[in-house]
Amino acid sequence: MPDFSGVLNSLGWGYRYLRPPLTLHEFYNSSHSLKSGKFLLFYKACLPFLYSMIDWHFPFIFIYLPLPQYVSAGARKQIQKIRNYAAILARINSMIESKKNSRITETTWKMTQKQPGISFPDCSDCRQSPAFAGFCYCWNRFSDIINIRRAVFFMMTKNTDKKREQMMMFSMDDMVPQNHMLRLIDKAINWNFIYDLVEEKYCPDNGRPSMDPVMLIKIPFIQYLYGIKSMRQTMKEIEVNVAYRWFLGLDMLDPVPHFSTFGKNYTRRFKDTDLFEQIFSKILEDCMKYKLVNTEQIFVDATHVKACANSKKMRKRVAHEQALWYEEELNKEIEKDRLAHGKKPLKKKDDNQPPASGGTGNDKDSISEELPEDVKTQKCSISDPESGWFRKGEHKHVFAYAVETACDKHGWILGYTVHPGNEHDSRTFKALYDKISKLNPQMVVADAGYKTPAIAHRLLEDGIQPLFPYTRPKTKEGFFGKHEFAYDEYYDCYICPGAHILTYSTTNRSGYKEYKSCGEHCAECQYLSKCTESKDHVKLITRHVWEEYMEVAEDIRHTIGNRQIYQLRKETIERIFGTAKEQHGFRYTQYVGKARMEMKAGLTFACMNLKKLAKILEKRGWNTATFLYFELRTRIKSKFKEKWCWA
């Protein structure tokens, strides 16, 4: 079946589909679609195209279609008027075509006459109009076999660039749509709070006038909101984007600031300050005013952001041992337990002994060309020494930063901290916990990286329920697991599956109590092959001094409904990380140093919260009082529901 659309496009005609399929034969002969009223409406619908024919030099084709016999006399008179007018336009068109395109007209006419089976309508203008002649040929040849829809044909538009040099008077506010994201954000928050935050950084009576601090903060805000990769590219986008200019308070003729302006102001004014964290806190406070944030359940996790450092440019440095945030409290608990068992206090560590674990990563004195062989070392980036060597799987080895984040069940970001990528989540939890503990949460939901006795002890002591996932036993396959050894709390001992007792031996520096079996009894035990492979046939089991807190955390995990709460992680904290990396350029950073990374994290999370707030306020159109009333009703309903469930 021939493609009619290609023929129309070659002749300069376009079309659009409207109704169900209809062949040209059915269109001409069908009585249900071409009664007099509809046929007249079809001709009247073609009138707007007649007025543009003089400019385009094309006659309108459907005027020359024969009329069906059942068309009324009144409709015939009106259609005849349209035909007469079209005939005049066709003659004008033929005169123009005969003068300008006489060679094309003769060539086209000869080519069409040679084709067999051609019969044109009774119109003398076909000889002078190549476009009309070609269309008539297609109409007669394929009218019975081409499937088209009930269509409206219109001519191709050309020369749309005539308005490039046109001068107009307009308002900048009219050029930005009412539902534009920047307009919604500007409506959702009052940016004047920035003046109070940076007032101390400017001299009141000396120096030349500075750039508006609000505009200075809005520039990186645009960059992180739309995920623009660099400040240089951001300035190029602001130069040509009307919405960006409107958001910054620039008109069409105002010059755009240089791309180094923000960097110089950061170095001279904002460096070593908590300005960007205060901006994040102020936006979060505005979200809380509308009662949108629920801090009863807080989700905690960390993601890694690739640092601006070459993975092949590194050096070795001494890995200093990092002090644990719970070390002082743990040492007191260890001494207390050893005294209860009649053991001597442990000796203090020797500071001259080789370190045991990696640390902060910013000690320049530890970097040396020659290192002793017995000293533990770690990789350090030459470009960004504050970043950490991050390993995930077998292929992903890069220098990165770890951004630890907390959010609520609705996806509002409540806090963040930035650390080197080689530090474990359990070691960096304290810095984030100090921020979220002020929000009075009832439960903290975290993944297996936070499932440690120290974190469980701190949360339960503060009256917060820790919700950790299930972790598989790390016992070697084919051997008894730790859960198969029963602990007797009264006698403070373990009982193995063979009914032998493992008595208390000592408490080590890591806070683990060691329980050992008798080698003579275990040598004759039938379960020896499933219990231990030691040469002296002694089985060793450890129990942390805060193990009872881990058992309480396991009971919380088995509570009805907590499994569904933990499954919300993929809809809350994991979705935040995915959105930040896909839409806001959070997969890597162009800045060097931990301080600039904290600025990037603060502004990125601030714009995510503000974008969410602006969308909610625009969608619901509620004010603060309405939100308070809605929140009160929701809480009353939840209380009645709880009473009914427990009754």
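The values are calculated or read from the model by the stated rules, or taken from the named source; none is laboratory data. Because the structure is a prediction, the values reported are computed rather than measured. Because the Cβ atoms are built from the backbone with ideal geometry, glycine has one as well, and the counts that use them run over all protein chains shown. Keep in mind that these areas ignore ligands, DNA and RNA; they rest on the heavy atoms of the full protein, side chains included. Shrake-Rupley method; radii C 1.70, N 1.55, O 1.52, S 1.80 Å.
What pairs from Lys306/Lys612; Lys348/Lys516; Lys348/Lys539; Lys349/Lys379; Lys271/Lys600; Lys187/Lys218 go past 18 Å between their alpha carbons? Display every interim value, and only then the final one.
Numbers: Lys306/Lys612 26 Å; Lys348/Lys516 25 Å; Lys348/Lys539 29 Å; Lys349/Lys379 25 Å; Lys271/Lys600 13 Å; Lys187/Lys218 14 Å.
From the list (Lys306/Lys612; Lys348/Lys516; Lys348/Lys539; Lys349/Lys379; Lys271/Lys600; Lys187/Lys218), the Cα-Cα distance tops 18 Å for Lys306/Lys612; Lys348/Lys516; Lys348/Lys539; Lys349/Lys379.
Order these peptides, 578-587, 398-407, 302-311, by their mean beta-carbon neighbour count within 10 angstrom, highest first. Show your work: numbers first, answer last.
On the way: 578-587: 17.3, 398-407: 24.6, 302-311: 20.2.
Ranking, from highest mean packing down: 398-407, 302-311, 578-587.
Could you rank the peptides 513-519, 204-210 by their average count of other C-beta atoms within 10 Å per residue, with the highest value first?
513-519, 204-210
Which of the peptides 280-293, 605-618 is most tightly packed, and how do the rest follow, judged by the mean count of other Cβ atoms within 10 Å per residue?
On the way: 280-293: 17.6, 605-618: 20.5.
Top of the packing list down: 605-618, 280-293.
Given H placed on each backbone N at 1.01 Å, which residues far from Cys493 in sequence or on other chains put an amide H within less than 5 Å of it?
Correct list: Asp488.
Scan around Met314 for amide H atoms under 5 Å from its own, H built in the peptide plane at 1.01 Å from N, and keep only partners 5 or more places away or cross-chain.
Those lying under 5 Å, H to H, from Met314 are Ile382.
When 1/r is averaged over all different Cα pairs and the result inverted, which Kirkwood radius in Å belongs to region 196-253?
On the way: mean 1/r = 0.0782 Å⁻¹.
About 12.8 Å for region 196-253.
Expressed as cubic angstrom per residue, what is the convex hull volume of the alpha carbon set of region 406-473?
On the way: hull volume 7.1 nm³, N = 68.
Convex hull volume per residue, Cα atoms: 105 Å³.
What is the pair-distance distribution P(r) of region 260-345, computed from all Cα-Cα distances in 10 Å bins starting at 0, with each bin given as a whole percent?
10, 15, 25, 27, 16, 6, 1
Return the FRET efficiency for the residue pair Val552, Lys476: r is the Cβ-Cβ distance, R0 is 30 Å, and the value is rounded to the nearest 0.05. Please list the in-between numbers first.
Values: r = 28 Å, r/R0 = 0.93.
That pair, Val552 with Lys476, gives E of 0.60.
Just to verify a number: what accessible area does Lys451 come out at with the full protein assembly present, 1.4 Å probe, Å² rounded to tens?
Number for this one is 40 Å².
Taking only Cα atoms of region 531-597, what ratio of Rg to Rh do you get with Rh as the Kirkwood inverse-distance radius? Write out the running numbers ahead of the final one.
On the way: Rg = 21.9 Å, Rh = 17.1 Å.
My calculation of the ratio gives 1.28.
What is the gain in length, in nm to one decimal, between Leu253 and Ser534 on full extension, counting 0.36 nm per residue of separation less the C-alpha to C-alpha distance?
Working: separation 281, 0.36 × 281 = 101.16 nm, distance 8.18 nm.
Taking 0.36 nm per residue and subtracting the Cα distance, the gain is 93.0 nm.
Mind giving me the nanometre distance, one decimal, between the label points for Val240 and Ala448, set 7 Å out from Cα along Cα→Cβ?
4.9 nm
Let me see the P(r) profile for region 423-510: every Cα-Cα distance counted, bins of 10 Å, each bin given as a percent of all pairs.
With a bin width of 10 Å, the distribution comes to 13, 32, 31, 20, 4.
Please report Rg over Rh for region 259-308, where both radii come from the alpha carbon positions and Rh follows the Kirkwood definition.
1.12
Could you compute Rg(Cα) / (2.2 N^0.38 Å) for region 480-626, with N its residue count? Could you put the intermediate results ahead of the total?
Details: Rg = 26.5 Å, N = 147, 2.2 N^0.38 = 14.7 Å.
That works out to 1.81 for region 480-626.
Which length gain, in nm to one decimal place, applies between Lys376 and Lys332 when the Cα-Cα distance is subtracted from 0.36 nm times their residue separation? Before the final figure, lay out the partial values.
Values: separation 44, 0.36 × 44 = 15.84 nm, distance 2.81 nm.
Length gained, Lys376 through Lys332: 13.0 nm.
Quick one: 3J(HN,Hα) in Hz for region 283-296, Karplus 6.51/-1.76/1.60 with θ = phi - 60°, rounded, Gly and Pro as x.
Calculated HN-Hα couplings, in order: 5, 5, 5, 5, 5, 6, 5, 8, 6, 9, 9, 10, 9, 5 Hz.
Describe numerically, in nm with one decimal, the distance between label points set 7 Å from Cα along Cα→Cβ at Lys229 and at Leu346.
Roughly 5.0 nm, to one decimal.
Report, by chain and number, residues whose modeled amide H sits under 5 Å from the one on Asn241, excluding near sequence neighbours (fewer than 5 apart, same chain).
The list, which skips near neighbours in sequence, is empty: none.
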